[in-house]
1. With the requirement that a residue be surrounded by 16 or more Cβ atoms within 10 Å (Cβ to Cβ) and among the basic types (K, R), what does the range A:8-31 give you?
2. (1) in a loop (DSSP other than H, G, I, E, B); (2) facing chain A (nearest Cβ under 10 Å); (3) hydroxyl-bearing (S, T, Y): which one isn't true of B:Y119, the others all being true?
3. Considering only the range A:67-75, I want to know if a residue exists there that is in a strand (DSSP E or B), away from chain B (no Cβ under 14 Å) and either of a type in the set (F, W, Y) or over 18 Å from A:L49 (Cα atoms) (or both).
4. Of the residues A:V144, A:V100, only one is assigned to a strand (DSSP E or B), under 14 Å from the mean Cα position of the chain (by Cα) and within 17 Å of A:I65 (Cα to Cα); which?
5. Only residues in the range B:60-72 that are surrounded by 15 or more Cβ atoms within 10 Å (Cβ to Cβ) count as the first member; pair them with residues that are in a loop (DSSP other than H, G, I, E, B) and not small (G, A, S), Cβ under 7 angstrom, at least 6 apart or cross-chain, and list the lot.
6. Which one of these is under 22 Å from B:N115 (Cβ atoms) and of a type in the set (V, I, T): B:V48, B:V60, B:V73?
7. Please specify each residue of the range B:89-121 satisfying the condition of being buried (at least 18 other Cβ atoms within 10 Å of the Cβ) and within 19 Å of A:V167 (Cβ to Cβ).
8. Can you tell me how many residues within the range A:123-151 are touching a Leu at 6+ places or on another chain (Cβ under 7 Å), crowded, with 23+ Cβ neighbours inside 10 Å and not hydrophobic (A, V, I, L, M, F, W, C)?
Amino acid sequence: MTRRWATGQRLVAVWLVAAIGFAVLLLMAEISRTPLDDPDQAYQRPGILDLGALPAPAPPVTADIPAPGRPAVVFFTRPGEAAALCSALAAARLDADADVVVVSPGELPGCDDVPVVTEATRQLAMSYRMREPAGGGAPVGYAVVDAVGQIRYRTLDPTATDELSEVRTILEAL
Amino acid sequence: MTDRPVTQCSSPLRLCLWCVLAVLVEIGLYFSYRGHDARFHFLTHLFVGASVAFVVMAAVAWRRRRPVPYPLVWPVAAHVVAMFPDLLFTAGTAHACWMDVFLGHVSTHFVPGRNLTWYVVFLGTLALYLATVQRATRSDWTSRTSRG
């Protein structure tokens, strides 16, 4: 009887340690979320084409982007994030595989060879149905458009600057 | 200083080694995810993989009437299976619906309640395994005392 009780106590202790330990991990994941992240993390960097309502027709960003027969990547950023994005884009040379454009709600000093569209109303972000960040305001992320003008992928991604290889992976999957 | 039998030293050491190995593998898997937002994806696959492992472990323990050997290794192995498409993604292969064969790799992210739901499932299946172990141990104890 004593042994059974001791075994039961030990097993309950194992369960409690797991419950508390993994609750702490869950809490840490919640706390580490930034105002630029998606309020629903399932939709942030899902890595899969045609999620949810996609594909959907891509509205024009400039006169020639998106262009028929060529994929496009539309980056949505904010003035404070733009410098890092532009220098990462210059290094990654995504424009060899797709047309690249940067959309910002505020003026940018330039972005090397990448065209920049400034729009304070965030109309483009809304027409691309970019999700609203947890902290509100303009989205920071990107949308990928295929060669027939359909949006195939979109995500908020405040760390896109460090993960442009993921954009290339999505482009290759088109 | 008395000479202790080798088996008394080596048994806890062996236990410790595979525990440490399992924990190290999990830490390695955690750091294989880039970006703070990837913790969400890591936890989904950890909870799903471990939950499947606990169900299998409970079935095996029930059948063998004793706890499974190396109990930490099973959930870690199932976690690797569940997150395997993320390793493919890192290597340049985007996700696709067929990757749900890896313990629902894509669709498990979208269950209502998200990771909180999988946390509850994880704790439920862990409780199932532990209850099975206790029952198996009790049966073993009962049969031995009735024989004695």
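The values are calculated or read from the model by the stated rules, or taken from the named source; none is laboratory data. All values derive from a computational prediction rather than experimental measurement. Don't worry about glycine lacking a Cβ; one is built from the backbone with ideal geometry, like all the others, and counts go over all protein chains shown.
1. none
2. Evaluating B:Y119 over (1) in a loop (DSSP other than H, G, I, E, B); (2) facing chain A (nearest Cβ under 10 Å); (3) hydroxyl-bearing (S, T, Y) leaves (1) as the failure.
3. Checking the range A:67-75: at least one residue is in a strand (DSSP E or B), away from chain B (no Cβ under 14 Å) and either of a type in the set (F, W, Y) or over 18 Å from A:L49 (Cα atoms) (or both).
4. A:V144 is the lone residue from the list that is assigned to a strand (DSSP E or B), under 14 Å from the mean Cα position of the chain (by Cα) and within 17 Å of A:I65 (Cα to Cα).
5. B:V60/B:V68; B:A61/B:P67; B:A61/B:V68
6. On inspection, the qualifying residue turns out to be B:V48.
7. Correct list: B:F89, B:A94, B:H95.
8. Total meeting the criteria: 2.
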